[in-house]
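The values are calculated or read from the model by the stated rules, or taken from the named source; none is laboratory data. Computed from a predicted structure; not experimentally measured. So basically every Cβ, Gly included, is an ideal-geometry build from the backbone, and we count neighbours across all protein chains shown. Remember, those area values only see protein heavy atoms, side chains included, never the ligands or the DNA or RNA. Shrake-Rupley method; radii C 1.70, N 1.55, O 1.52, S 1.80 Å.
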Amino acid sequence: MTARFSLHRAFPRLTAVSAAALSLALVAACGDNSTSATSAEVGASAAPAAGTVPAGEPDVNGDGKVVVGILSPGDTNDNGYYESFVASAKTFAADQGWQIITQDKINPADAVSAARNVCRQGVDLVAVGASELKDALPVAEEAVCAKTAWYVAAGQGVELTPYISTSQDDVNESLLAAGYAAGLLMKESGDTKAGYVTGPEADFSVLAYKAFKAGIREVIPDAEVLATYTGSFDDAAKGQEAAQAQINQGVKMFYPYLGGATDAAAKIASDAGVPTLTPGTDRCSDPTAKFAISAIFSPGDYFAAALKDFSAGTLKMGVTRHWKMGVDAVPTVKVCAGTDEQTAAVNKFISDIGSGAIVPADEVAKLGG
């Protein structure tokens, strides 16, 4: 956007908040196969000091009720990444007596119209579940959304504006650590070939692949990591086909970096005895599927933190909250049934990321090509 109205002209009810940093601690919302690594408190590594809060938050439009409208590009019943976003909102909203409106499986080409539509339904908070819908964000400045706050699970290509609040983690951190954990299991079994299956060949999915490959090569320098881009995060048949093709090529570790197609693809691998990772949530104890590693970067955890601030009237627009591996409880990685030595090694790797002893971007540049 090259031109922008004055913040207070566009939002006359916005008021400045104190510049003092806000501390945050919350119990992550829990839902079926949908939330974080732990039931312990989750906190952001640093609460931001700038930004503005819409007056009257959380009842931003002043109609006596609080309504949260969720926009998701994926299937919000995927037992994973996309579902976690909605599950956290529903759990929190039920406690608060709020209403949730959900639109999922939104084509990015329809993001603008979906955003305008949800604003017309009198929502107080528009929550965008993934960066695939970034084209919707300029709608936050339009008159139709003038009495709304916006929260965005930010990713590649999301530009922060004064009209939105975002949470962000680093794919290099999460996927490097996931790959490292996978490498440890592969080394234990003497394997050297892994597979990665995802949807569209987008910037973030390519970055995730490179980081995952780099993590494995931290342990097994000559490891081969196959990548397949099916074009869809949710098409189960395509996910299964790609999984079977990779298994036929001899992969011994499998990462379905998918949405609604995750379980279908993972079952192909687990039925073949190939260890599998989760794409975002903790499913180590899930009785419906078998995962060897939980790579946990659930947007539901970050959204739960934002909803707590929103309820308190402290969710600031124009601010990005950064979540740091090895500093915050999430993102993180768990080896579901690892040895004590493997668990200790993964925890040390994560701790070194948090301390700066390991710089993920450097490792990905070195090993992910």
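Could you give the accessible area per residue of the chain, probe 1.4 Å, as a whole number in Å²? If you can, show how the numbers build up before the last one.
On the way: 14520 Å² over 369 residues.
Each residue of the chain exposes 39 Å² on average to a 1.4 Å probe.
Can you give the calculated 222 nm mean residue ellipticity of the chain, where each DSSP H run of n ≥ 4 adds -39,500 (n - 2.57) and the sum is split over every residue, rounded to the nearest 500 deg cm²/dmol?
Numbers: 10 runs with 127 residues, N = 369.
Roughly -11000 deg cm²/dmol at 222 nm, from the helical runs in the chain.
Calculate the FRET efficiency for Asn77 and Asn117 from the Cβ-Cβ distance with a Förster distance of 30 Å, rounded to the nearest 0.05.
Numbers: r = 21 Å, r/R0 = 0.70.
So, using R0 = 30 Å, E works out to roughly 0.90.
Could you list which residues have their amide H under 5 Å from that of Arg321, counting only those 5 or more apart in sequence or on another chain, with H placed in the peptide plane?
Long-range HN contacts for Arg321: Thr166, Ser167, Gln168.
Cα axis of helix 299-312 to longest principal axis of the chain: angle in degrees, 0 to 90, nearest 10?
Between helix and principal axis, roughly 20 degrees.
Positive end of the dipole of the range 263-369, charges at C-beta (+1 Lys, Arg; -1 Asp, Glu), about the Cα centre: which of Leu307, Phe297, Ala344 has its Cα farthest in that direction?
My answer, from the dipole projection, is Leu307.
List the pairs from Lys65/Lys316; Lys308/Lys348; Lys267/Lys324; Lys308/Lys334; Lys213/Lys252; Lys210/Lys308 whose alpha-carbon separation is above 24 Å, in the order I gave them. List each step's numbers first, then the result.
On the way: Lys65/Lys316 20 Å; Lys308/Lys348 31 Å; Lys267/Lys324 31 Å; Lys308/Lys334 26 Å; Lys213/Lys252 14 Å; Lys210/Lys308 34 Å.
As for pairs spanning more than 24 Å Cα to Cα, those are Lys308/Lys348; Lys267/Lys324; Lys308/Lys334; Lys210/Lys308.
If the cut-off is a Cα-Cα distance under 17 Å, which aspartates and glutamates reach Lys290, setting aside same-chain residues fewer than 8 apart in sequence?
Within the straight-line cut-off, Lys290 pairs with Asp32, Asp78, Asp263, Asp271, Asp282.
Name the longest site-free stretch of the chain, where the excluded sites are GluC sites (Glu not before Pro) in a DSSP loop with no more than 13 other beta-carbon atoms within 10 Å.
Working: sites that count: Glu159, Glu201.
The segment 202-369 is the longest one with no such site.
On the accessible surface of the range 82-125, probed at 1.4 Å, how many percent belong to carbon and sulfur atoms? Can you show the working numbers first?
Values: 840 of 2010 Å².
Carbon and sulfur together cover 42 percent of it.
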